[in-house]
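For reference, the structure discussed in these notes is given below.
Nothing in this text is a laboratory measurement; each read-out follows from the coordinates by a stated rule. These figures come from a predicted structure and were not determined experimentally. Note that we place each Cβ from the backbone using ideal geometry, even for glycine, and neighbour counts take in every protein chain shown.
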Amino acid sequence: MKPSVIPKSIFAKPAVIYDDFIRISSERHKVNPKIIAAIIHCESSGNANAQSPKGAQGLMQLMPATAKRFGAKDAFDPEENIEAGTRYLKFLLDRYNNNIRLAVAAYNAGEGAVDKYGGIPPYPETIAYVDKIQNILEE
């Protein structure tokens, strides 16, 4: 078994159970596993049953339409959620020429918002989200 891809500072020990799903999706879609882990941390704190008031579901907090679009039948299933979330993240990275900050901003606020503002939208939540992900990646 490969060593954990999730920095110890991100998750409590029980969340390491998702390492294999993160590693597999990361390798399959050529996405840095640390970005996937950071998104999981920021979106759900590693809670596979998380549901937001707006309806986002699971570890990577996928909206039902996004989950379906990227192949998750059950957004609360950790393996399906991580796979679909990684596919979505890869789509965003490709769309924004591997600019992690723009891809992460789009993950949080939507592609339309990033396109509308020609960059990170001026939403306090999105700015804080992008900064938090960036800080995790720099650890």
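Considering each residue of region 69-79, count those that are under 19 Å from Ser45 (Cβ atoms) and assigned to a helix (DSSP H, G or I), and give that number.
2
Output the helices (runs of 4 or more DSSP H) that fall wholly within region 93-139 and possess 1 or more residues being under 16 Å from Val31 (Cα atoms) and touching a Phe, Trp or Tyr at 6+ places or on another chain (Cβ under 7 Å), or say none.
Working: elements: 100-109, 111-117, 124-138.
So the answer is 100-109.
Somewhere in region 56-68, is a residue among the β-branched types (Val, Ile, Thr) and either in a loop (DSSP other than H, G, I, E, B) or over 23 Å from Tyr123 (Cβ atoms) (or both)?
Step one: list which residues in region 56-68 are among the β-branched types (Val, Ile, Thr), which gives 66.
With either in a loop (DSSP other than H, G, I, E, B) or over 23 Å from Tyr123 (Cβ atoms) (or both) added as a condition, the list becomes none.
No, that holds for no residue.
Output yes when any residue across region 7-28 is polar (S, T, N, Q), surrounded by fewer than 20 Cβ atoms within 10 Å (Cβ to Cβ) and assigned to a loop (DSSP other than H, G, I, E, B), and no when none is. Quick ask: steps written out before the conclusion?
If we filter region 7-28 for residues that are polar (S, T, N, Q), which is where we start, we get 9, 25-26.
Among the residues that remain, those that are also surrounded by fewer than 20 Cβ atoms within 10 Å (Cβ to Cβ) are: 9.
Within this subset, residues satisfying the condition of being assigned to a loop (DSSP other than H, G, I, E, B) are 9.
Yes.
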